[in-house]
Each structure stands twice: as C-alpha cells, then as structure tokens.
Amino acid sequence: MTWLLLVTLGGVPDGGTRLHLPTAQEELSSVEQRAVDQEYEKTMAMVRDGGLGPSHPPFVWHISNIVESIDIPGIVISNGFPVKMHALRVKQTEEDVFRELGEQFVSQGLYMKQMSKQPQLFKQYQLTGLDGERGISYTAIVEPHKDGTCTLVLGEANIAEGLQMRRRGDGPDFVPLYPKAQGVTRTSAEGLQTMMFHTIDPEADVLAYYEKELKLRGYSPFGHYAFRKNGEEIKLVARRQEGVLNVMLSRSTGALSP
C-alpha cells in the first residue's frame, strides 16, 4: 500500500542522488549499539504488555519547506495494525529530510535504531521511531527527485491497538493464504482489501489454488484472473521477476455492474 502511494505521488525512482548510509566507522560503538538495541527490545516488550503511562507528550511531525500536502483520508489496516498516513512534497535533499526526522525522533522521546539497522522494505529509504509508552510507531518513507524535492509518506501505526485486535481475533483474511506464500503484506482501507506475497511456485499453481478455494466459497470466475460473488469482486495479479512470482489479491465491495 505504501509503495502504491509513493508511485501515485512521486512515480518510480527517477535516478536522484541516494542517501549516504553511515559506514561502520561512522556508527556507534558495538557496546553503545547493544545498549540501544536492548532498550529498543525492552520498549517493544512494554508495548506487547500493554505499554506504560505516558511520561512525555505525543509525537508531532514538524516538516520544513513543504511544497505540497496531500491528505490520505481514513485509517489503513496494514498487516493487522491500524495506520494513519499523510503525504508531503518538500524542497529538501534526502539527507536533510532524514537529519531533520532523526533529530525530531530523539528530541521528542522516541526510541530509534540507527539508520543502518533500520528495516528497509522498499527501494525508498525509511526511518522509524517508536513511542513505547503509547504503543505507536512513526515511519517516514522518502522518495528523492531530480529537481531537489522529496516525496514523504508519513505513517503512524497503532501497535497497541493492533495487538488488541489480534487478541480479539479481528481481521480474518478475505481469502486463504497460499501455502507457500512468503513476505505476506495485508492492507484494508475504504472498502478495498489487499493481500500481497511472493513465491517461487509456478503462476499456474497459484491460480489453480485460488480458483479451487474461491469456487468452494461461492465465487464465479469472470474476465482475467477475477472472481465475483454478489457485491464482491476478487482480482489476482501475478508478475514474475528474477525467478520470484509476486502476487497481489484484492477484494472490493459495493454495487457492481451485471
């Protein structure tokens, strides 16, 4: 979902200058890093246990040199966690954006792993800070452009609420998960649910699996890799890249043409 938003707002990477990640010499010492990681894991444990009473104000984004602001209404459910998102375009370099965000995370009391330890799920670099007391993570995904601007997608994930949803058993998948699926991502927003994963299996095997499962659930095939039942449509898109089959299933609801 985040990647799709970036494509809509800023397009695929256009060859702008990439962020310089710190070298080992520029990082914290191993002793300091272990201390940071231990504190981070302790904070995550607090989130899983329900968090603590807040000792500092909620985090607030302060972004400089905004050129354009794009509202993303509603709440997205991503991998079971409610996420509020916002998109901006700023007149800053990628390095300046990350420097500003890092300083804000630290000054406002968020726990943050150093940049080279941060999970990078997309081609665009991202930075995440954690408010363990409230169980909320803040992530910025940055897309640089040749004209000296950057597109920012800002996300606030309510981890504490997501964990409560899991305990309640909320949010079952709209289709069964393919048995050999890897790297699963789920989103839900405004009547559209998606499930994305990859596998090394043949495309025909994946399609045959979902044709069987959806038929058992009362769906009828129509068009190309699409299935329909009453007011629902489920579509499957599959693309093979470098030996890996990337699959996206989407479910939409509402009035449909006959």
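The values are calculated or read from the model by the stated rules, or taken from the named source; none is laboratory data. What you see is a predicted model; the values in this text were computed from it and never measured. When we count neighbours, we look across all protein chains shown, and the Cβ atoms used for this are built from the backbone with ideal geometry, even at glycine.
Descriptive notes on the structure:
- When Val142, Val83 are checked against the criterion of being in the same structural domain as Asn65 (by TED's automatic domain parsing) and over 19 Å from Val67 (Cα atoms), a single residue qualifies: Val83.
- The residue that is modelled with the lowest pLDDT, counting only those in region 236-258 that are in a loop (DSSP other than H, G, I, E, B) and out of contact with any strand residue (DSSP E or B) (no Cβ under 8 Å at 6 or more places or on another chain), is Pro258.
- With respect to the stated conditions, Gly191 fails to be over 30 Å from Gly132 (Cβ atoms) and more than 22 Å from the chain's Cα centre (by Cα).
- Any hit, region 217-235, residues being among the acidic types (Asp, Glu), surrounded by 11 or more Cβ atoms within 10 Å (Cβ to Cβ) and in a strand (DSSP E or B): yes
- Looking only at region 215-258, residues that are within 27 Å of the chain's Cα centre (by Cα) and of a type outside the set (Val, Ile, Thr) come to 21 in all.
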